[in-house]
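Scroll down for the structure; my scribbles are underneath it.
The values are calculated or read from the model by the stated rules, or taken from the named source; none is laboratory data. Everything quoted here is computed from the prediction, not taken from an experiment. Cβ placement follows ideal geometry from the backbone for every residue including glycine, while neighbour counts extend to all protein chains displayed. The area values use the complete protein model at the heavy-atom level, side chains included, leaving out ligands, DNA and RNA. Shrake-Rupley method; radii C 1.70, N 1.55, O 1.52, S 1.80 Å.
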Amino acid sequence: SGRWDRMGPELFRLVDRHSKGYCLGPTHEEAVTELVASQVNLSYRQLPLRLYQITRKFRDEPKPRFGLLRSREFYMKDMYTFDASEEAARQTYDLVCDAYRSLFDRLGLPFVKVRAATGSIGGTVSHEFQLPADIGEDRLVLCPGGHFAANVETLNEEQTSCPTCGEKLTQTKGIEVGHTFYLGTKYSSVSNAVFYSPENKPQLAEMGCYGLGVTRILAASIEVLSTEDSIRWPSLIAPYQLCFIPPKKGSKEEKEGAALLERVYDDLAEVLPHLAGDSVLDDRTQMTIGKRLKDANKLGYPYVVIAGKRVCEDPPVFEVWNQNVGEVLFLTKEGVIELLSKVQVP
């Protein structure tokens, strides 16, 4: 496909004992297209084909940094699609973009879809899904009215206003979390990935390729949502939804508080069984509640339920931290369960 030469030093290369050259896959267009090309007598009735995998990718990044954010080995969900016509391939492109949009909406991440360069992967149409963030490495321009968004690498220097409404474009930085490409026959022509038309004539498949950075979404979520002293995860990907913190050992509310907290958990397990398995009990009761709450902030549980001083009141009152909106509530057992019944989990 020519990418061996075009990708330059970003492609991890190695040589075996027979002096043959190999590379570690940055993405897998060639391998998947070869797979489809090997299917003899592929019929138009078997299209569209949408093949995806969630696996490790390797790129020799010039500046790996921020741990998960830009590392040389990462997890990606990549998909390769094969359609019978350009029109069908563009419909597939729109479908996948809508699916990505829906995913980021469900995660509650403030994304923007921007026009992007096709780079070494190629093709004629490309978009990135970006999370605007000061720490981002991509420079973006956005129309204030939402009519236009692009990565600056796709623009000429003279373009400073929106092509639709004429408003001055604003600049921001972003972290790329998804990328879509309409490829046409760029790879199918190299591998001769053909299907047979209704007239039984061989035709090259029209292709698209699509990627979601799984580990990048995790890291970017933290960068975009978190505060100075606490991690905030999208509720759907938080390691656990809920942390219970019982009273400190030796405190006057220790015995009663621990029993009441256990009762909250039992009632929760009965009413909301999906949350029961998504909960953590911080039983390090030799530590103060404050220290354990600090740890809970660093781990990013969306909700923390504490049996503190007010647990001895009548009725008992629990301290509940709704971390993702930064609010503290004082609720009875019924109030805790009502609040948690609104939690979305996968």
Of all residues being at pLDDT below 95 and of a type outside the set (Gly, Ala, Ser) in region 304-313, which is surrounded by the most Cβ atoms within 10 Å (Cβ to Cβ)? Just the residue, please. VAL311
Report the residue count in region 9-47 for those that are open to solvent by 60 Å² or more (accessible area, probe 1.4 Å), in a loop (DSSP other than H, G, I, E, B) and touching a residue at least 24 places away in the same chain (Cβ under 8 Å). 2
Contact list please: Cβ distance under 6 Å, first residue in region 168-194 and among the acidic types (Asp, Glu), second residue buried (at least 23 other Cβ atoms within 10 Å of the Cβ), pairs at least six apart or on different chains. GLU176/GLU128; GLU176/GLN130
Which ones in region 314-344 are part of a helix (DSSP H, G or I), open to solvent by less than 60 Å² (accessible area, probe 1.4 Å) and over 22 Å from THR288 (Cβ atoms)? ASN324, LYS333, GLY335, ILE337, LEU339, LEU340
Selection over region 253-272 where residues are touching a helix residue (DSSP H, G or I) at 6+ places or on another chain (Cβ under 8 Å) and not hydrophobic (A, V, I, L, M, F, W, C) yields a count of 6
Residue check: is GLN286 of a type in the set (S, T, N, Q) and open to solvent by less than 20 Å² (accessible area, probe 1.4 Å)? no
Name the single residue that is modelled with the lowest pLDDT among those in region 204-229 being in contact with a helix residue (DSSP H, G or I) (Cβ under 8 Å, 6 or more places away or on another chain) and surrounded by fewer than 21 Cβ atoms within 10 Å (Cβ to Cβ). ASP229
Listing of strands (runs of 3 or more DSSP E) fully contained in region 83-185 that carry 3 or more residues being surrounded by fewer than 19 Cβ atoms within 10 Å (Cβ to Cβ): 112-115, 170-184
Region 234-272, subset over 17 Å from VAL305 (Cβ atoms) and of a type outside the set (Gly, Ala, Ser), residue surrounded by the most Cβ atoms within 10 Å (Cβ to Cβ): PRO234
In region 1-57, the residues that are small (Gly, Ala, Ser) and touching a strand residue (DSSP E or B) at 6+ places or on another chain (Cβ under 7 Å): GLY21, GLY25, SER43
